[in-house]
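Inspection log for the structure reproduced underneath, given as structure tokens.
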């Protein structure tokens with residue numbers, strides 16, 4: 001929260017917080033308005049449903065990434081182009097102890113990695129957040145100290161704002177991809193492609209695949225129409 | 001400590017820690033070797049006595065800086081040149097609550113400032129450390145992820161290592177400047193330049209002046225000789 005305020009970010013969503021801690025934090029005297037205004041969801045996919053570029057954070061110490069890996073210093077450019085085409089960007093952090101799970105990461109288009117010493121790669125959560133936001137505030141031209149305040153303002157508004165431009169091709173949100181994935185999964189089941197014991201693995205791979213394709217909104221709608229049609233036929 | 005390990009820094013000196021906390025931290029099970037090997041001094045000037053470039057950290061929210069201010073993203077170049085001429089660099093952080101005092105800052109050649117939102121400029125200490133070390137590890141070519149491991153290694157060794165090159169002009173250490181300041185102050189007193197009620201203010205200004213001059217080692221030794229001579233005469 002403090003790091004977000006330091007670097008001019010304001011929209012926070014907390015996923016499945018531990019109830020007692022969450023209430024205590026929100027009702028604490030002097031709790032910052034960021035915390036008071038924070039949204040809360042039960043699942044990650046709800047938190048990022050309206051985002052078009054979802055960036056996970058973590059180290060590669062204990063796993064192989066299933067999506068493209070971008071070193072933090074190179075992330076700014078990717079975010080700027082996403083905002084320029086009217087997209088909405090989410091940066092996702094895992095818990096202090098475990099980081100993001102493999103399932104969490106399957107909702108991410110990219111994995112951002114902070115270059116750290118291989119002997120001690122795992123950062124404290126608050127420090128990782130501070131480093132990421134420092135980097136993004138500086139590189140994306142939204143730096144609080146920038147003389148060009150307009151650029152700063154537009155950048156900030158757009159990170160996490162309602163989509164501002166109906167550009168074509170419009171980016172596709174995480175929620176739209178999830179709806180598409182749901183229909184495709186039903187088709188897979190109805191078509192006998194996905195036996196019961198494979199459904200969870202197939203769901204995981206499908207989620208990653210849909211993000212890798214970088215569809216635009218029109219692609220996604222067309223694909224959804226096709227699979228709905230197929231599903232309808234299959235069910236008759 | 002964690003951020004230092006994450007970004008490959010290893011030399012820590014703690015100034016006047018609260019005794020009970022310090023012992024507890026050092027004897028804690030699993031206390032990292034960084035903490036075990038940390039030095040401890042009673043005063044800041046002892047901690048930085050062998051450093052040739054002392055960089056304070058903080059915000060400009062509540063004060064006017066008395067030394068040059070460098071935004072953190074521009075600090076890397078300054079540090080590289082200092083290391084290249086055989087210098088030794090210290091980065092100084094204040095306490096969580098108060099930051100560096102005006103007196104602490106009078107020992108600093110530069111004030112490094114993290115560009116933050118004017119509405120919430122003050123960072124959490126651990127987060128400020130992480131952001132500074134992330135920036136320095138990346139910009140100074142000592143990044144853990146750099147392919148050129150030699151550069152990384154040399155850079156790391158030199159930050160805080162014994163002076164490695166007897167280059168000419170050699171940089172002057174903070175301790176040498178303090179000794180010089182001590183003799184000059186005695187001369188001021190003996191010459192009747194500095195009345196009692198002005199001695200503290202004059203000492204402060206002198207400390208800043210000597211750092212602003214960017215003397216090399218030879219300059220400092222020559223100046224020290226001159227003032228010692230003058231003092232000797234004045235005392236007779």
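Distance between the 7 Å Cα→Cβ label points at residue A:39 and residue A:124: 3.0 nm.
The length gained on full extension between residue A:101 and residue A:27, counted as 0.36 nm times the residue separation minus their Cα-Cα distance, comes to 23.7 nm.
Determine the distance separating the Cα centre of the stretch A:185-236 from the Cα centre of the stretch A:39-96; give it in Å without decimals. First find each Cα centre; the distance between them is then 23 Å. Across identical copies of the chain, residue A:190 has label-point separations of 10.0 nm, listed in ascending order, with the point defined 7 angstrom from Cα along Cα→Cβ. Each copy carries residue A:40; placing its label point 7 Å along the C-beta direction from Cα gives inter-copy distances of 4.2 nm, listed from smallest up. When you count the other C-beta atoms within 10 angstrom of each residue and take the mean per peptide, B:66-75, A:197-206 line up highest first as B:66-75, A:197-206. Placing a label point 7 Å from Cα along the Cα-to-Cβ direction at residue A:28 gives distances to the equivalent points in the other copies of 1.8 nm, listed shortest first. Fully extending the segment from residue A:2 to residue A:226, taken as 0.36 nm per residue of separation minus the present Cα-Cα distance, adds 76.0 nm. Please say if chain A is rounded, prolate or oblate, where rounded means a/c under 1.5 for a ≥ b ≥ c the square roots of the C-alpha gyration tensor eigenvalues, and otherwise the choice is prolate for a/b larger than b/c and oblate otherwise? Note, shape of chain A comes out prolate. For chain B, the 222 nm mean residue ellipticity estimated from helices alone, with every DSSP H stretch of n ≥ 4 adding -39500 (n - 2.57) and the total spread over all residues, rounds to -14000 deg cm²/dmol. For the stretch A:174-235, rounded, prolate or oblate, judged on the Cα gyration tensor with a ≥ b ≥ c (square roots of eigenvalues), a/c < 1.5 rounded, else prolate if a/b > b/c? Oblate is the answer for the stretch A:174-235, as a/c is 1.5 or above yet b/c matches or exceeds a/b.
A convex hull fitted to the Cα coordinates of the protein assembly as shown yields 183 cubic angstrom per residue.
With a 10 Å cut-off around each Cβ of A:5-17, the average count of Cβ atoms from other chains is 3.
Shielding value for A:118-125 is 5, the average number of Cβ atoms from other chains within 10 Å of each residue's Cβ. A simple packing score, the average count of other Cβ atoms within 10 Å per residue, orders the peptides A:15-21, B:49-55, A:84-90 as B:49-55, A:84-90, A:15-21, with the highest score first. Sequence-distant contacts, meaning Cα pairs under 8 Å at least 6 residues apart, place the relative contact order of chain A at 23 percent.
Read the figures in this text as sums done on the coordinates, not as results from a lab. Since we're looking at a predicted model, the values are computed, not measured. Quick reminder, even Gly has a Cβ in these numbers, built from the backbone with ideal geometry, and neighbours come from all protein chains shown.
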